[in-house]
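The values are calculated or read from the model by the stated rules, or taken from the named source; none is laboratory data. Predicted model, so just to flag it, every value in this text is computed and none were measured. So basically every Cβ, Gly included, is an ideal-geometry build from the backbone, and we count neighbours across all protein chains shown. Ligands, DNA and RNA are stripped out before the accessible areas are found, and what is left, the full protein with its side chains, is counted by its heavy atoms. Shrake-Rupley method; radii C 1.70, N 1.55, O 1.52, S 1.80 Å.
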There are 2 protein chains.
Amino acid sequence: MTAVTTDRLIAPHGGTLVDRTGDVPDDLGSHERVTLTSRELSDLDMIAAGALSPLEGFMGKADYDRVVEEMHLASGLPWALPVCLAVDSAPTGDRVALANEAGTPVAVLEVEEVFEYDKEREAESCFRTTDDAHPGVARLFAQKPLYLAGRVTVFERATPAFAELARDPAETRRIFAERGWKRVVGFQTRNPIHRAHEYLTKVALETVDGLLVHPLVGDTKSDDVPVGVRVECYTTLLDGYYPPDRVLLSAFPAAMRYAGPREAVWHAICRKNYGCSHFIVGRDHAGVGEYYGTYDAQLIFDEFEPHELDIEPMFFEHTFWCNVCGSMASTKSCPHGPDDRVFLSGTKVREMLGEGEVPPVEFTRPEVAQVLIDAYRD
Amino acid sequence: MTAVTTDRLIAPHGGTLVDRTGDVPDDLGSHERVTLTSRELSDLDMIAAGALSPLEGFMGKADYDRVVEEMHLASGLPWALPVCLAVDSAPTGDRVALANEAGTPVAVLEVEEVFEYDKEREAESCFRTTDDAHPGVARLFAQKPLYLAGRVTVFERATPAFAELARDPAETRRIFAERGWKRVVGFQTRNPIHRAHEYLTKVALETVDGLLVHPLVGDTKSDDVPVGVRVECYTTLLDGYYPPDRVLLSAFPAAMRYAGPREAVWHAICRKNYGCSHFIVGRDHAGVGEYYGTYDAQLIFDEFEPHELDIEPMFFEHTFWCNVCGSMASTKSCPHGPDDRVFLSGTKVREMLGEGEVPPVEFTRPEVAQVLIDAYRD
């Protein structure tokens, strides 16, 4: 393989792409073992791959406090959400083995610090609520009482949900560079892509070199469309309607936190590590229920200095097909009224698909509708 | 009127919006008189209004040389094209009156310098050709042999071609601020807007707060569509298809130089003074004949440091309606073939319009076609 320079791409967050993969230590058997939750394992694997650069492990108290209070790491670099490992008690040794849910050790952590944390404060700052009906808050409140901090070395990577779509930041960067892309926009989704979001991605693509369709394949709520069905929707849509040399489909291995605005910033920073110079932030990004205002996930970017994040957010309004425009549009680009717009509620769409009915072509591509109809039928 | 802060808008080029308007001097009658060409008058009026900030007058040799050689002013600020006043001989006094084509004095220039210039060098650097079939080169070669430099004070502003669309940078900035816009994209055009360019402007608008449709109403080639017809096309299109609170139509009083790539940069800098944070650069921007490569006017922006211009160019490819996509698209966003695309050559469109025939709705809005048909009929 010829070496390809990735110099033209945006730099990773903090300047260097972290690699925390390594070999199994000889004395692994002597380490105390900590079993990680699914969300912690997802964080661990992302640290290993550099997706959370500059983090080299689970956060210490100085980073944690400043992130919670000020959305910055202790170094001054922007960061939006805690990446912490919750434990019941301080380990006795200076190294612990981190095990997956099956109990198999996958990494070693060099113990740096164990500290107490205030769940109410973290919930209020990061989720803007302490209501335990919020799935992220519920998860936080159910956590063990101490945070264990330290650098990690991962010797067994997680098995990806979709092996053919699993690409570490170093690999997406290599692909972008090989294709000669410099400006790349990332699109985060946890839903099938209908016309409205196809429009966002294409609008964004028009002004840059390439598009990374980066669906989240980590844990989501149980009422989200199953990841297998979603991936089939993505490949079907991309095959039919996107130029293959301008788009890359790859999986984003993060677990949803449903932290709305803060998660939008965190998602943007992660995508910077994957090589994206731009990131799409629509309405209600990473939201859940009624906890966040429609535009909160866009407004939060104003809390950073211009270019402080380096990756450029691209904000979008509500989009739809307008019969008078004869095109997709948004409330920003279309002056016509609600009656001229093709709008279907999520409930209505699920109802149609459940009955094997194809929604209007202005709402969803027929090929994508068919994938969903087949899935509902199974 | 309540004061509105324009602080949230992009700063003018060089930091301060220049105002070179002023009173008629008492001793005007004693000044030697220099009559300006139409292009020089257009430059003069733009200097007066701050559209060419930080320029306060016609360029001296230090600025001129560095602009021609390195696309920067002597101060180090980016600048793309000479803004000079050609004269036959050095004036005797330290002030001269600048007169319009009717011979009426409209401004005073404080003589700072008179210098010889190399027309071949200016042509080669700025137009990338010394072929006098190029309209900009022809104009340059026909110019008087010396450049007269100095700060100007304009006491009689030019009568705008379209008074209702004439807005100085201070006014567009005030309007942007009143509307709460921070990020504004400027669109330069010297043609009627068909669907292809409507698509560009709307794609650009989707990611910012507002759109400035800024047609050039200064001198153009005689085979361009007359400005009156164009303005009617713009108002018709905007009335029917753009949200009034998201778009402003205003005239750009510059004369075309047809300098392609360098003029694209110059156009962007001017729009920054009008308050635009973004500027659309399509294919063949400000080009003429076959003198420039299709993407030269986009590639030239790479010659500046990132954020050096501050205003962000937005580059676009060839756009069209695609029957398979069922939407407007570009070669970047559509994978389908030429047969699926609605394409009409300029010649074909003029032919259809001349025969009173309305082009397909996928090519041009029927209301705009009607304006053009009526104009061809007259």
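One residue is enough: does the stretch B:114-124 have a residue meeting the conditions within 18 Å of the chain's Cα centre (by Cα), in the same structural domain as residue B:91 (by TED's automatic domain parsing) and at pLDDT 95 or above? Talk me through it step by step, then tell me what you get.
Just the residues of the stretch B:114-124 that are within 18 Å of the chain's Cα centre (by Cα), to begin with: none.
The answer is no; no qualifying residue exists.
Is there a residue in the stretch B:150-171 that is among the aliphatic types (A, V, I, L, M), open to solvent by 10 Å² or more (accessible area, probe 1.4 Å) and within 14 Å of chain A (Cβ to nearest Cβ)? Show your work before the answer.
Kept after step one, since they are among the aliphatic types (A, V, I, L, M), are these residues of the stretch B:150-171: B:152, B:154, B:158, B:161, B:163, B:165-166, B:170.
In the following step, the residues that additionally are open to solvent by 10 Å² or more (accessible area, probe 1.4 Å) were identified as B:158, B:161, B:163, B:165-166, B:170.
Still in the list and also within 14 Å of chain A (Cβ to nearest Cβ): none.
There is no residue in the stretch B:150-171 that is among the aliphatic types (A, V, I, L, M), open to solvent by 10 Å² or more (accessible area, probe 1.4 Å) and within 14 Å of chain A (Cβ to nearest Cβ).
Out of curiosity, is residue A:351 part of a loop (DSSP other than H, G, I, E, B) and more than 9 Å from every other protein chain (Cβ to nearest Cβ)? Can you show your working first?
Details: part of a loop (DSSP other than H, G, I, E, B): no; more than 9 Å from every other protein chain (Cβ to nearest Cβ): yes.
Here the answer is no, as residue A:351 does not meet what is asked.
Which condition number in (1) at the interface with chain A (Cβ under 10 Å from one of its Cβ atoms); (2) open to solvent by less than 10 Å² (accessible area, probe 1.4 Å); (3) of a type outside the set (D, E, K, R) is the one that residue B:199 fails?
Result: residue B:199 passes all but (2).
Among the residues of the stretch A:103-154, which ones are farther than 21 Å from residue A:69 by Cα, touching a Leu at 6+ places or on another chain (Cβ under 9 Å) and among the hydrophobic types (A, V, I, L, M, F, W, C)?
Passing the criteria: A:106, A:107, A:108, A:109, A:111, A:152, A:154.
Look at residue A:180 and say whether it is in a loop (DSSP other than H, G, I, E, B) and surrounded by fewer than 20 Cβ atoms within 10 Å (Cβ to Cβ).
On the way: in a loop (DSSP other than H, G, I, E, B): yes; surrounded by fewer than 20 Cβ atoms within 10 Å (Cβ to Cβ): yes.
So residue A:180 fits the description; yes.
Would you point out the residue of the stretch A:125-139, among those that are closer than 17 Å to residue A:297 by Cα and in a helix (DSSP H, G or I), that is farthest from the chain's Cα centre (by Cα)?
The qualifying residue farthest from the chain's Cα centre (by Cα) is A:125.
In the stretch B:358-366, is there at least one residue being part of a loop (DSSP other than H, G, I, E, B), within 13 Å of another protein chain (Cβ to nearest Cβ) and under 24 Å from residue A:208 (Cα atoms)? Break it down into steps so the answer makes sense when it comes.
Restricting attention to the stretch B:358-366, the residues satisfying the condition of being part of a loop (DSSP other than H, G, I, E, B) are B:358-365.
When the remaining residues are screened for being within 13 Å of another protein chain (Cβ to nearest Cβ), the result is B:360-365.
Remaining after also requiring under 24 Å from residue A:208 (Cα atoms): none.
No: the stretch B:358-366 contains no residue that is part of a loop (DSSP other than H, G, I, E, B), within 13 Å of another protein chain (Cβ to nearest Cβ) and under 24 Å from residue A:208 (Cα atoms).
Pick from the stretch B:302-341 the residues that are more than 10 Å from chain A (Cβ to nearest Cβ), touching a residue at least 40 places away in the same chain (Cβ under 8 Å) and not in a loop (DSSP other than H, G, I, E, B): which of them is most open to solvent (accessible area, probe 1.4 Å)?
Per the criteria, the residue is B:303.
Yes or no, residue by residue, for (1) assigned to a loop (DSSP other than H, G, I, E, B); (2) within 14 Å of chain A (Cβ to nearest Cβ):
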position: B:212; (1), (2): no, no
position: B:218; (1), (2): yes, no
position: B:224; (1), (2): yes, no
position: B:231; (1), (2): no, no
position: B:239; (1), (2): no, yes
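For the stretch A:114-123, how many residues meet the condition of being open to solvent by 70 Å² or more (accessible area, probe 1.4 Å) and under 15 Å from residue A:63 (Cα atoms)?
To start, the set of residues in the stretch A:114-123 that are open to solvent by 70 Å² or more (accessible area, probe 1.4 Å) comprises A:116, A:118, A:120.
Those left that are additionally under 15 Å from residue A:63 (Cα atoms): A:116, A:118.
Residues meeting the conditions: 2.
Among the residues of the stretch B:352-366, count how many are of a type in the set (D, E, K, R) and loosely packed, with under 13 Cβ neighbours inside 10 Å. Break it down stepwise before answering.
Filtering the stretch B:352-366 for residues of a type in the set (D, E, K, R) gives B:355, B:357, B:362, B:365.
Pick out the ones that are also loosely packed, with under 13 Cβ neighbours inside 10 Å and you get B:355, B:357.
Going through the stretch B:352-366 one residue at a time, the tally reaches 2.
Answer yes if at least one residue in the stretch A:34-51 is of a type in the set (Asp, Glu), closer than 20 Å to residue A:173 by Cα and not in a helix (DSSP H, G or I), and no otherwise.
Checked the stretch A:34-51: no residue is of a type in the set (Asp, Glu), closer than 20 Å to residue A:173 by Cα and not in a helix (DSSP H, G or I).
Within the stretch B:206-215, is even one residue over 29 Å from residue A:298 (Cβ atoms) and either surrounded by 20 or more Cβ atoms within 10 Å (Cβ to Cβ) or modelled with pLDDT of 95 or more (or both)? Before the answer, list the steps.
Initially, the stretch B:206-215 is screened for residues over 29 Å from residue A:298 (Cβ atoms), giving B:215.
The next check asks that each one be either surrounded by 20 or more Cβ atoms within 10 Å (Cβ to Cβ) or modelled with pLDDT of 95 or more (or both); those that pass are B:215.
Yes: one or more hits.
Identify all residues within the stretch A:367-378 that are open to solvent by 70 Å² or more (accessible area, probe 1.4 Å), away from chain B (no Cβ under 14 Å) and part of a helix (DSSP H, G or I); write none if there are none.
Going through the stretch A:367-378, the residues open to solvent by 70 Å² or more (accessible area, probe 1.4 Å) turn out to be A:367, A:370, A:376-378.
Filter once more, so that each one left must be away from chain B (no Cβ under 14 Å): A:370, A:376-378.
Within the stretch A:367-378, A:370, A:376, A:377 meet the criteria.
Is the stretch A:258-275 home to any residue that is part of a helix (DSSP H, G or I) and of a type in the set (Gly, Ala, Ser)?
The initial filter retains those residues of the stretch A:258-275 that are part of a helix (DSSP H, G or I), namely A:261-273.
After this cut, where a residue has to be of a type in the set (Gly, Ala, Ser) as well, the list is A:264, A:268.
Checked the stretch A:258-275: at least one residue is part of a helix (DSSP H, G or I) and of a type in the set (Gly, Ala, Ser).
Give me a count of the residues in the stretch A:242-282 that are modelled with pLDDT under 95 and within 13 Å of chain B (Cβ to nearest Cβ).
Number of matching residues: 1.
Collect the residues in the stretch A:331-378 that are under 18 Å from residue A:240 (Cβ atoms) and of a type in the set (D, E, K, R), keeping them in residue-number order.
A:362, A:365, A:367, A:374
For residue B:54, work out the one condition from (1) within 19 Å of the chain's Cα centre (by Cα); (2) closer than 16 Å to residue B:149 by Cα; (3) surrounded by 21 or more Cβ atoms within 10 Å (Cβ to Cβ) it doesn't fulfil.
So residue B:54 meets the others, but not (3).
Is there a residue in the stretch B:80-87 that is at pLDDT 95 or above, more than 21 Å from residue B:303 (Cα to Cα), open to solvent by 30 Å² or more (accessible area, probe 1.4 Å) and not β-branched (Val, Ile, Thr)?
Restricting attention to the stretch B:80-87, the residues satisfying the condition of being at pLDDT 95 or above are B:80-87.
Then drop every residue that is not more than 21 Å from residue B:303 (Cα to Cα), which leaves B:84-87.
Then keep just the ones that are open to solvent by 30 Å² or more (accessible area, probe 1.4 Å); that gives none.
Taking every residue of the stretch B:80-87 in turn, none turns out to be at pLDDT 95 or above, more than 21 Å from residue B:303 (Cα to Cα), open to solvent by 30 Å² or more (accessible area, probe 1.4 Å) and not β-branched (Val, Ile, Thr).
In the stretch B:287-298, what count of residues is obtained for those that are touching a Phe, Trp or Tyr at 6+ places or on another chain (Cβ under 6 Å) and in a loop (DSSP other than H, G, I, E, B)? First the steps, then the outcome.
Pass one, the stretch B:287-298, residues touching a Phe, Trp or Tyr at 6+ places or on another chain (Cβ under 6 Å): B:288, B:298.
After this cut, where a residue has to be in a loop (DSSP other than H, G, I, E, B) as well, the list is B:288.
The total comes to 1.
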